[in-house]
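Input: a single structure, listed below in structure tokens.
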Amino acid sequence: MGHLLTLSIRGVLITRGGRGATVYYNEQKRVTRKDVDGIPVARLQDATGCGDVFGAAFHYHYVRTRDLLASAQVANRVAAAKAGMAGSDHLGVLRASYV
């Protein structure tokens, strides 16, 4: 992991499904690991597409803030909201979980 971060890569993000995500980044020339806990879903409807939703939410937030950890937290929240929805017909309502 440390070698990747010496190649001008700002961070590495590993998704862990319902267990959350892990963010590795360089902080004062040291590799720092931060775990983002998974968010319990009261009623799991459909996990299909949650990884895609996570990736989209992460990139959307990261482009706006340049904050890896905050972006992973937001993406985790939006993906958990998606897991509580059946299908993909109403993905527009996920915008509310972004805020």
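The values are calculated or read from the model by the stated rules, or taken from the named source; none is laboratory data. If you're wondering where the values come from, they're calculated on a predicted model, not measured in any experiment. Here Cβ is always computed from backbone atoms with ideal geometry, including for glycine, and neighbour counts include all displayed protein chains.
Applying a threshold of 9 Å to beta carbon distances and a minimum spacing of six or more residues, or different chains, the list of pairs starting in segment 1-17 at a residue that is over 15 Å from GLN73 (Cα atoms) and ending at one that is assigned to a loop (DSSP other than H, G, I, E, B) and modelled with pLDDT of 85 or more reads ARG10/ARG66.
Just for segment 74-99: of the residues that are at pLDDT 65 or above and in contact with a Lys or Arg (Cβ under 8 Å, 6 or more places away or on another chain), which one is farthest from VAL53 (Cα to Cα)? Step by step, filter segment 74-99, then rank; the result is GLY84.
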